[in-house]
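Visitor: Right, I'll just put the structure down here and ask away after.
What follows draws every value from the coordinates through simple rules; no lab data is involved. Given the structure is predicted, the values throughout are model-derived calculations rather than measurements. Neighbour counts run over all protein chains shown; Cβ positions are idealised from the backbone, glycine included.
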Amino acid sequence: MCGIVGYLGPMNPKDVIVAGLKKLEYRGYDSAGVAILHQGKTKRVRAEGKLKALEEKLQAEPFDGHLGIGHTRWATHGGPSERNAHPHQVRGISLVHNGIIENYADIREALLARGAEISSDTDSELVAHLLAEEVEKTGSLLKSVQNILDRIHGAFSIVAMWDQDPETMVAFKDGPPLVVGLGDNQTFVVSDVQACLQYTKKFIYLDDREVVHVHKNKVQVYSAKGEPLTKKVVEVDWSEEAVEKQGHAHFMLKEIYEQPRSVAAAMEPHLDIDKFKVRLKRVGFNQPLERLEGLDIEADWQNTQKVLKGVERIFMIACGTSNYAAMVGKYLLEKIAKVPVETDIASEFRYRDPVLPPNTLVMTISQSGETADTLAAIRLAKEKGALTLSLCNVRGSSIDREAHGHLYMNSGPEIGVASTKAFTSTLTVLNCFAAAFGQIKGTISPGEEKTYVQALLATPSQLEGVLAYDKYFSETAEVLKTYKGFLYMGRGVSFPIAMEGALKLKELAYLHAEGYAAGEMKHGPLALIDERMAIIMLVPEDGLYEKSMSNLEEARARGGKIIALGTGEDEKLRRVSAEYLPLPKALWTVNPILSVVPLQLMAYHLADNLGYDVDQPRNLAKSVTVE
Ligand code: F6R
């Protein structure tokens, strides 16, 4: 959940590290700090609060070294405060850590028994103590890391430096991501490639329990047993501009506006536009990840068809917004491909000892590809013998690397903590997947496939029109924010969208919101409704229109203010709604892609109007790499 930047090279480490931390602030933002070599010693500066506080403190600080580490924190052990901020320093060792050390209590007790003076409440500082003890014995930072690796358990990625060896940094991980950026005569060790994209596009992704030794820009990765490894260097094609706001007030707004393009990019690899057919490209079942790009597309499609033909049921596993996308996927796959689909939240799936019969495909969805529960879920599915398929945005991420087959959102970097464009890209890929599956299973005719493909192809330009709700919600936010609560309702594919709309409002505007299946209202939540409750009702023209209208009437009869999202000029719906928001006419399969956008804009504007930090909501982090 925290962001890490380590740098060894000729540029000013302060500038490189702070610029990198800015790109990683989405990972955690309750305190930050740096430790940079200065006149032969590491000088540490830390500050509670957002990165801005650290930047202010650093303004007057000169550094003349070429080596440093920095950290932006999302508190786990020990509250957010300067003394708990990283880097932690113990007798010349400086260290930054992302994750949780599970056996910290035992380590702490043993350290105290040996007379250690512990100055923070964190588990991270304890690792610095262990390393300090080891370097005093071995005189080598690398050896010391190798010696302590088996003594720390949990989820961690750590970068360490030592005053006595100013040409070296050593990093190691088990769980949270750590990537080595290879520049000209300079090396970066970061939690996410975004932190140093302006300097290099060449990266080595560390695997669990690997140790990287960076010495005078020679980079060597070792296994946990100390054997030198040859690692693949991956070229990342994300541009630096893609991680800038490009004139928008917030990353979230920029990402909402990117959706016509990102949705087009998500479908592009999988559609044969001339023939209106779907082909899942470069899924690469059982191909090593690094061979994916070079795959013969025809051969891959043949293999993908063969593998998917044998699948009899699907489990879709994810967290948060990605889980709501999975729920839409269930409706798509069951209706189009007639395959039974179960969806589950990863944190539940992994602990409920799920029964996975033969010929089960477990599909995980994760923007970051690093969510700890989803990663554990895919590992469990593999242990139980299931075939796995990941749908990630970040290529080469832990979940992507773990899966047998791979699909990508193709959204480009998503920086706003609240997921927007990755969600609509996921829905787009799931549309392609469902149509491809239907084709393979023989449950749809070429004509039906064409209809699905045509509906998808129309969405980018339809999304352009839907973005006009930006103005509407910026003007109505002042009134909307006065409601005591918000009830989002939908049926069928609109049910997960209702939940996603409510989640966006909760996480950004800190307002009470609930997403409900409209047909479930009379089993309890109807009691919540009075004239101080806003009802956001999704009533697209689909097979469930009449049913949804009845649910709307039930809510209206109890005094709720109805804000309805419908299809085109629906006069009947307009008449019964306090506010009516028309959406373009579309097939039911793509309605969720269109209808979620006004809900994203509504949450954005309410949060902004209330003065909250839209890109970094309180208590949250973008990449949840701890349980
Ligand atoms: C909400 C949001 C989160 C994520 C969830 C899973 O706006 O972004 O609910 O969807 O933390 O993250 P990924 O998709 O990276 O696994």
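Visitor: Per the Kirkwood definition applied to all pairs of different Cα atoms, how many angstroms is the hydrodynamic radius of region 469-609?
Guide: After inverting the mean inverse Cα-Cα distance, the result is 14.6 Å.
Visitor: Within 10 Å, Cβ to Cβ, of Asp192, how many net charges do the neighbouring residues add up to if Lys/Arg are +1 and Asp/Glu are -1?
Guide: Its environment carries a net charge of +2.
Visitor: To continue, here is another question. Give me Thr72, Thr304 sorted ascending by neighbouring Cβ count inside 10 Å, so fewest comes first.
Guide: Least crowded to most crowded, the residues run Thr304, Thr72.
Visitor: What is the calculated FRET efficiency for Asn217 to Gln305, with r their C-beta to C-beta distance and R₀ = 51 Å, to the nearest 0.05?
Guide: According to the calculation, E is roughly 0.65.
Visitor: Just tell me which lysines come within less than 20 Å, Cα to Cα, of Lys275; anything on the same chain fewer than 8 places away is out.
Guide: Hits, sequence-local ones excluded: Lys441, Lys450.
Visitor: Can you give the local net charge around Lys23? Use residues other than it whose beta-carbon is closer than 15 angstrom to its beta-carbon, Lys and Arg +1, Asp and Glu -1.
Guide: Neighbourhood net charge equals -2.
Visitor: Among Gln287, Ile256, Leu487, flag the residue with its Cα farthest along the positive direction of the charge dipole of the chain, charges on Cβ as +1 for Lys/Arg and -1 for Asp/Glu.
Guide: About the Cα centre, the residue reaching furthest to the positive side is Gln287.
Visitor: Whole angstrom only: what separates the Cα centroid of region 29-67 from the Cα centroid of region 550-580?
Guide: Centre-to-centre (Cα) distance: 55 Å.
Visitor: Cross-link candidates for Lys43: which aspartates and glutamates have Cα within less than 19 Å, leaving aside residues fewer than 8 places away along the same chain?
Guide: Candidates past the 8-residue exclusion: Asp15, Glu55, Glu56, Glu61, Asp64, Glu82, Glu125, Asp163, Asp165, Glu167.
Visitor: Here is a follow-up. Cut-off is 10 Å between beta-carbons; in what order do Ile118, Ile36, Ile204 appear when sorted fewest neighbours first?
Guide: Ordered from fewest to most neighbouring Cβ atoms within 10 Å, Ile118, Ile36, Ile204 come out as Ile118, Ile204, Ile36.
Visitor: Right, another one. Tell me, Leu308, Leu457 in order of fewest to most beta-carbon neighbours within 10 Å?
Guide: Lowest count first: Leu457, Leu308.
Visitor: Before anything else, pin down the relative contact order of the chain: Cα pairs under 8 Å, at least 6 apart, normalised by residue count, whole percent.
Guide: 11
Visitor: For region 245-466, what is the largest minus smallest coordinate of the Cα atoms on each principal axis, given in angstrom and ordered from greatest to least?
Guide: Ordered largest first, region 245-466 gives principal extents of 50, 40, 33 Å.
Visitor: If you don't mind, another one. Translational diffusion coefficient, Stokes-Einstein: compute it for region 83-228 using the Kirkwood radius over C-alpha pairs as Rh, at 4 °C and 1.567 mPa s, and state it as an integer in µm² s⁻¹.
Guide: 84
Visitor: So for the pair Ala458, Val479, with labels modelled 7 Å out along Cα→Cβ, what separation do we get in nm?
Guide: With each label placed 7 Å out from Cα toward Cβ, I get 3.1 nm.
Visitor: Please quote Rg/Rh for region 361-452 to two decimal places, taking the Kirkwood radius as Rh and restricting both calculations to Cα atoms.
Guide: 1.03
Visitor: Separate question: Run the helix sum for the chain: -39,500 (n - 2.57) per DSSP H stretch of 4+ residues, divided by residue count, reported at 222 nm to the nearest 500 deg cm²/dmol.
Guide: One gets -11500 deg cm²/dmol as the mean residue ellipticity at 222 nm.
Visitor: In the structure shown, do any of Lys14/Lys201; Lys309/Lys384; Lys245/Lys484 have a Cα-Cα gap over 23 Å, and if so which?
Guide: Going by Cα-Cα distance, Lys245/Lys484 fall outside the 23 Å limit.
Visitor: Can you tell me the equivalent ellipsoid semi-axes for the chain? Use √(5λ) from the Cα gyration tensor, largest first, whole Å.
Guide: Output for the chain: semi-axes of 44, 28, 21 Å.
Visitor: Now for a different question. Taking 7 Å along the Cα-to-C-beta vector as the label spot, tell me the Asp237-Lys41 distance in nanometres, rounded to one decimal.
Guide: 5.0
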